[in-house]
């Protein structure tokens, strides 16, 4: 039987002047992700169609499920837009199923077709009742819902619906730089940013020997999970050891986390400019830890004018964990390898830091040269679904 994957755009259909840009970006993203499959992809303003080989369908679906910009998709049978062809195909499909109740829903996009949607519902429903024994119509909770879309040349018949990832295609917004730790929150933040169309690169701060190579590998694995939702992600690894040791040597213990985060933000500011990003993205959630109170966030954010996007800021921990499980990062995130933000946590970090105290503490050591050195010596890994490309990685 001739079948296609019929893709519905959802939120993309609300776009007006930019609609073609969003659709073309989605088309290119799907084409890139299905590059290793034997498919043919076509599109119009209302739908996208993927011809496929039957033996590859399950694998293709697993890829499509992770492509942002798809509201819903169906496995649809194709016939010419003639009444008898539609009837015969529906009967052929239903003969392979066991059911007792059904409903037909027709959408006639081709207004030159001689019968309207309701007339087709009645004609097709009567045809099914006449040709299949012991079935009846149930308009409220049918066991089988037969949907028919009548278009100018071809009509599409499908019984199933698969929920897509929604959102906007990745690449319809400029680049954001994700502060990716090994925790639960930041991968979720990256996922949610990509869902709004943001192209993503990631930044990981490590402080070897205080953090381990296992912690780095953990972050690489998290990046691999996120890369399934786009074509590739560059992971920039920052050596933070010298800076972190200086903070804990010269600064008040209770202010160390605040100052450490400010140094990270300064580095992120420099990285955004170096790699032509537009925003900083992180997994901060209001009130979750001492550095994420509104007072702390205000003091920490003071070092940069780059916009900071916090996708999980207003979610509670259980909501974040649910998304982490959905995107398959949770089990990696809970592996017991400490990152920079946890390895030196003081017993009583300040919850409401004062900017004048922070500035006085930071003046105790010359940090700018260390920041420059860290940015100049970034190691970058380009991560895709299937491979990692290393650039001078230790």
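Using the number of other C-beta atoms within 10 angstrom as an exposure proxy, rank 296, 199 with the fewest first. Before the final figure, lay out each step's value.
Numbers: 296 22, 199 19.
Taking fewest neighbouring Cβ atoms as first place, the list is 199, 296.
Using R₀ = 51 Å, calculate the FRET efficiency as 1/(1 + (r/R₀)^6) where r is the Cβ-Cβ separation of residue 123 and residue 384; round to 0.05.
0.55
Return the Rg/Rh value of segment 3-163, two decimal places, where both radii are evaluated on C-alpha atoms and Rh is the Kirkwood radius.
We get a ratio of 0.99 for segment 3-163.
Evaluate the relative contact order of segment 3-163 (contact order divided by residue number), counting alpha-carbon pairs under 8 angstrom at least 6 apart; express in whole percent. Walk me through the numbers on the way to the answer.
On the way: 244 pairs, mean separation 43.2, N = 161.
Reported relative contact order: 27 percent.
Over what distance in Å are the Cα centres of segment 193-211 and segment 284-334 separated?
Here the answer is 13 Å between Cα centres.
Just need the relative contact order of the chain here, percent rounded to a whole number, with Cα pairs under 8 Å and 6+ apart. Walk me through the numbers on the way to the answer.
Details: 729 pairs, mean separation 65.6, N = 394.
Rounded, it is 17 percent for the chain.
Mark the label point 7 Å from the Cα of residue 98 along Cα→Cβ and return the residues of segment 132-165 whose backbone N is within less than 17 Å of it.
Counting only backbone N, you get 133-136, 143-144.
When the distances between all Cα atoms of the chain are binned every 10 Å from zero, what whole-number percent does each bin get?
Values per bin, smallest distances first: 5, 20, 25, 18, 13, 10, 7, 3, 0.
Just want the ordering: 235, 294, from fewest to most Cβ atoms lying within 10 Å of their own Cβ.
The order, fewest Cβ neighbours first, is 294, 235.
Can you compute the label reach from residue 130? Point 7 Å from Cα along the Cβ direction, backbone N cut-off under 15 Å, restricted to segment 68-93.
Only 83-92 pass the distance filter.
Per DSSP H run of n ≥ 4, the term is -39500 (n - 2.57); total these for the chain, divide by its residue number, and report the mean residue ellipticity at 222 nm rounded to 500 deg cm²/dmol.
Values: 14 runs with 148 residues, N = 394.
Result for the chain, helices only: -11000 deg cm²/dmol.
Out of the DSSP beta bridges found with both residues in the chain, what percent are antiparallel (nearest 5)?
55 percent
If each of residue 59 and residue 316 carries a label point 7 Å out from its Cα toward its Cβ, how far apart are those two points in nm?
Placing both labels 7 Å along Cα→Cβ, they lie 4.3 nm apart.
Decide, for segment 197-300, between rounded, prolate and oblate: order the square roots of the alpha carbon gyration tensor eigenvalues as a ≥ b ≥ c, take rounded if a/c falls under 1.5, and otherwise choose prolate if a/b is larger than b/c, else oblate.
Verdict is prolate for segment 197-300.
Since every read-out is calculated from the coordinates, none of them should be taken as a lab result. This is a predicted model, so every value here is computed, not measured. Cβ coordinates were reconstructed from backbone atoms using ideal geometry, including for glycine residues, and neighbour counts include every protein chain displayed.
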